[in-house]
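So the structure is just underneath, and the comments pick up after that.
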Amino acid sequence: MICHKCGQPAMGVCKFCGRAVCGDHHSNMPIILSVYVGGENTPKTIVVADVLWCGTCKPQPEPIPMPEIY
Ligand SMILES: [Zn+2]
Ligand SMILES: [Zn+2]
């Protein structure tokens, strides 16, 4: 498994697109797992920080329609 950017041995795989990335080229992206309204009507989010991200792809929060498939 090698980094898709530089060809060095990869340290992990992007959570979103599956590309392998090395320590120099990975990024961390906090992802929001859920949003809920706590007491006193204060919106709160559950965020997971440090998700391995390749820094290249653009994770979408919603499913993307892909009409060109048909
Ligand atoms: Zn790299
Ligand atoms: Zn990616």
Counting only residues in region 36-45 that are out of contact with any Lys or Arg (no Cβ under 7 Å at 6 or more places or on another chain) and part of a strand (DSSP E or B), the one farthest from residue 57 (Cα to Cα) is identified as 37
Within region 1-46, residues being open to solvent by less than 80 Å² (accessible area, probe 1.4 Å) and of a type in the set (Val, Ile, Thr) number 6
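The values are calculated or read from the model by the stated rules, or taken from the named source; none is laboratory data. These figures come from a predicted structure and were not determined experimentally. Neighbour counts run over all protein chains shown; Cβ positions are idealised from the backbone, glycine included. Accessible surface is based on the protein model in full, side chains and every heavy atom, while ligands, DNA and RNA are left aside. Shrake-Rupley method; radii C 1.70, N 1.55, O 1.52, S 1.80 Å.
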